[in-house]
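Here's the structure we're looking at; comments come further down.
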């Protein structure tokens, strides 16, 4: 289980590292906000992760569904469960510091978690971003089944419009359906929402990548400039500039644009912009061991970064209560919420980003060391 991969596809290594950085940055209510005034993170970054998965997806008629499903359970569901349990334990420790006492799970907590897993995908608030793992697992399995049994008639130019129609229906439901009726069906609707981005990743790999990477630097700069201008025009046309973005995909409640095509258009703009930017300037960081490690462990960052925001807050709480009073640090608000941020300065958000990235990666590094040590201590199969 120790992650020691050195990703050979450097472009997508950098793209996935950028994507997880955006996740952490967005949850600090934006410390860096790269191009965010024109292409907000929440207008594309979760579809971009599905696009990346599609790029590496190789299912076809020869795919054996049971081994494929088991592989996805091992690579997605087991980490989802393991990280969630680890964060729950860390949250118990943090509660000892912030509340001065252990807080047992409320009655019915286990059933609450199970219900959330198959709807929003959020077991509990401190691992809220892990909702995406359940959605990704589900969309990969549905796609594999569809392609397995429809492979003889499968054509991307036929399936992509079908998937886009399903996506638009999911957005429409998120905008207008009764919430009580929609909530039990959240997972199927999220599958419909993400399916076209999985197919687009495959289309890009098979038909567009060589043409895109073969463009000159001038053409790539021109593409990026046009995308920025296009989104600037959209922000002026929409009722509110942030309508180009969409929050809360976990419960399909964050669509503020009056147009159901907005999430699809916004996602395509953001994915193409950042894919072009990575292709244009990515070479200086292609051999970075840190970027590779970050890209290989996006789930660890996704699952642990909120907890490490709280680790930083606990440090600040101990300083404020035992060393020197920290101005504007609201201890009571922190005790009531996992999403508190010390608003002493906009620049202090950078500290949360650093903790949110380096903390989970540090945990993963220690975990790898332990697994390697245990593996060496156990008798090998050859010796047996």
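The values are calculated or read from the model by the stated rules, or taken from the named source; none is laboratory data. Being a predicted model, the structure only gives us computed values, none of them experimental. Note that each Cβ is placed from the backbone with ideal geometry, even for glycine, and that neighbours are counted across all protein chains shown.
Structure notes:
- Breaking point among (1) modelled with pLDDT under 95; (2) over 22 Å from residue 46 (Cα atoms); (3) assigned to a helix (DSSP H, G or I), for residue 279: (2)
- Yes/no for residue 94 being in contact (Cβ under 8 Å) with a residue 24 or more places away in the chain, assigned to a helix (DSSP H, G or I), within 30 Å of residue 331 (Cβ to Cβ) and more than 21 Å from the chain's Cα centre (by Cα): yes
- Index of the failed condition, residue 210 passing every other in (1) closer than 30 Å to residue 281 by Cα; (2) touching a strand residue (DSSP E or B) at 6+ places or on another chain (Cβ under 6 Å): (2)
- Restricting 2, 31 to those that are under 25 Å from residue 308 (Cα atoms), at pLDDT below 95, out of contact with any strand residue (DSSP E or B) (no Cβ under 9 Å at 6 or more places or on another chain) and crowded, with 17+ Cβ neighbours inside 10 Å reduces the list to 31.
- Tally of residues being surrounded by fewer than 17 Cβ atoms within 10 Å (Cβ to Cβ) and outside any loop (DSSP other than H, G, I, E, B) across the range 320-335: 6
- Scanning the range 109-126 for residues that are over 16 Å from residue 306 (Cβ atoms) and assigned to a helix (DSSP H, G or I) yields 109, 110, 111, 112, 113, 114, 115, 117.
- Unmet requirement for residue 294, which otherwise passes all of (1) surrounded by 19 or more Cβ atoms within 10 Å (Cβ to Cβ); (2) over 30 Å from residue 51 (Cα atoms); (3) touching a helix residue (DSSP H, G or I) at 6+ places or on another chain (Cβ under 6 Å): (2)
Table: residues versus (1) in contact with a strand residue (DSSP E or B) (Cβ under 6 Å, 6 or more places away or on another chain); (2) in contact (Cβ under 8 Å) with a residue 12 or more places away in the chain; (3) in a helix (DSSP H, G or I).
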| residue | (1), (2), (3) |
| --- | --- |
| 39 | no, yes, no |
| 62 | no, no, no |
| 67 | no, no, yes |
| 72 | no, yes, yes |
| 79 | no, yes, yes |
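- Test: residue in the range 281-288 that is surrounded by fewer than 15 Cβ atoms within 10 Å (Cβ to Cβ), within 26 Å of residue 126 (Cα to Cα) and free of Cβ contacts under 8 Å to residues at least 60 places away in the same chain: no
- Residue in the range 237-245 that is farther than 26 Å from residue 124 by Cβ, touching a residue at least 12 places away in the same chain (Cβ under 8 Å), out of contact with any strand residue (DSSP E or B) (no Cβ under 8 Å at 6 or more places or on another chain) and surrounded by 19 or more Cβ atoms within 10 Å (Cβ to Cβ) present: yes
- The condition of being over 15 Å from residue 29 (Cβ atoms), part of a loop (DSSP other than H, G, I, E, B), touching a helix residue (DSSP H, G or I) at 6+ places or on another chain (Cβ under 9 Å) and at pLDDT below 95 does not hold for residue 338.
- Residue within the range 348-357 that is under 21 Å from residue 103 (Cα atoms) and not in a loop (DSSP other than H, G, I, E, B) present: no
Conditions tested, residue by residue: (1) more than 16 Å from residue 337 (Cα to Cα); (2) surrounded by fewer than 12 Cβ atoms within 10 Å (Cβ to Cβ); (3) modelled with pLDDT of 95 or more.
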site	(1), (2), (3)
87	no, no, yes
100	no, yes, no
110	yes, yes, no
124	no, no, no
130	yes, no, yes
135	yes, no, yes
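Here is a yes/no grid of residues against (1) touching a helix residue (DSSP H, G or I) at 6+ places or on another chain (Cβ under 6 Å); (2) in a helix (DSSP H, G or I); (3) at pLDDT below 95; (4) under 22 Å from residue 166 (Cβ atoms):
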{"position": "188", "(1), (2), (3), (4)": "no, yes, no, yes"}
{"position": "193", "(1), (2), (3), (4)": "yes, yes, no, yes"}
{"position": "201", "(1), (2), (3), (4)": "yes, yes, no, yes"}
{"position": "219", "(1), (2), (3), (4)": "no, yes, no, no"}
{"position": "226", "(1), (2), (3), (4)": "no, yes, no, no"}
{"position": "230", "(1), (2), (3), (4)": "no, yes, no, no"}
{"position": "239", "(1), (2), (3), (4)": "no, no, yes, no"}
{"position": "259", "(1), (2), (3), (4)": "no, no, no, yes"}
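- Being in contact (Cβ under 8 Å) with a residue 60 or more places away in the chain and surrounded by 15 or more Cβ atoms within 10 Å (Cβ to Cβ) is a property that residue 317 has.
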